[in-house]
Amino acid sequence: MKKYIQQILVLMTICILASASTLYAQAIYKITNAKENDMKLSGISALHNWSLETKTFTSEAQFGFKPGKEHQLASISSLTFSVAVENLKSGKKGLDKDAHNALKINPYRNIFYTQVSAVVTPAGGDKSHVKTEGNLNIAGVTKKVTVNVDCVVNKDGTITATGSYKLKMSDYGVKPPSLLFGAVKTSEDVALTFTLVYKK
């Protein structure tokens with residue numbers, strides 16, 4: 001009986017140490033002001049491609065690393081992202097106005113993403129591939145999406161995340177913006193691409 005109790009105590013100690021090690025390897029990261037930061041919504045029309053782009057957004061993530069290996073990403077336990085619709089610009093006032101109205105800027109002033117789960121797969125060295133699932137809210141409509149992201153832990157400790165996701169504007173109740181004062185219609189198919197640089 002005494003030996004059995006000792007074994008239980010040893011097992012509990014190992015579990016506590018393992019838990020403490022995992023917690024120690026996790027940290028909160030936020031978006032930096034790096035020039036590489038970028039988010040773009042791109043579409044096509046009968047005439048030419050169009051895009052709305054911004055370098056201004058907010059995001060926070062909790063990254064976990066393998067104990068003793070600070071450049072090997074092991075997990076992403078939480079991640080949130082938000083961008084103000086008014087910050088998405090094309091360089092053309094007419095298109096910006098139509099796009100912002102299509103995205104129902106009043107009352108839905110922001111696009112949100114909240115991660116639900118993530119699976120991290122090592123891709124060699126300081127690189128990782130992440131399959132993340134979460135809730136994307138556009139124009140007041142929330143859809144569950146799966147986004148593939150490539151992450152790199154940089155030498156300075158920052159983390160660069162890049163990825164893309166294709167969506168249909170109609171899924172979010174959004175009417176595609178028009179070009180040339182409504183004379184040219186655009187496709188409802190849109191590609192969302194991003195580069196995010198995080199710092200602890």
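The values are calculated or read from the model by the stated rules, or taken from the named source; none is laboratory data. Given the structure is predicted, the values throughout are model-derived calculations rather than measurements. Cβ sites come from the backbone with ideal geometry, for glycine too, and all protein chains shown count toward neighbours. In case anyone asks, the SASA skips ligands and DNA or RNA and just uses the protein heavy atoms, side chains included. Shrake-Rupley method; radii C 1.70, N 1.55, O 1.52, S 1.80 Å.
Descriptive notes on the structure:
- Per-residue surface analysis assigns LYS66 an accessible area of about 80 Å², computed on protein heavy atoms at 1.4 Å probe radius.
- Assigned charges on the beta-carbon of Lys, Arg, Asp, Glu; the range 43-162 dipole about Cα centre (debye): 220 debye
- Calculated log₁₀ intensity ratio I(q)/I(0) where the Debye formula runs over C-alpha points of the range 57-194, q = 0.12 Å⁻¹: -0.56
- Fraction of the pair-distance distribution of the range 102-166 above 21 Å, Cα-Cα pairs, percent: 37 percent
- With a 1.4 Å probe rolled over the protein heavy atoms of all chains, the accessible area of ILE28, ILE105, ILE159 falls in the order ILE28, ILE105, ILE159, largest first.
- When only Cα pairs below 8 angstrom with a gap of at least 6 residues are kept, the range 85-147 shows a relative contact order of 27 percent.
- Accessible surface of PHE57 - all protein chains present, 1.4 Å probe, nearest 10 Å²: 20 Å²
- Accessible area (Å², 1.4 Å probe, nearest 10) - GLU53: 70 Å²
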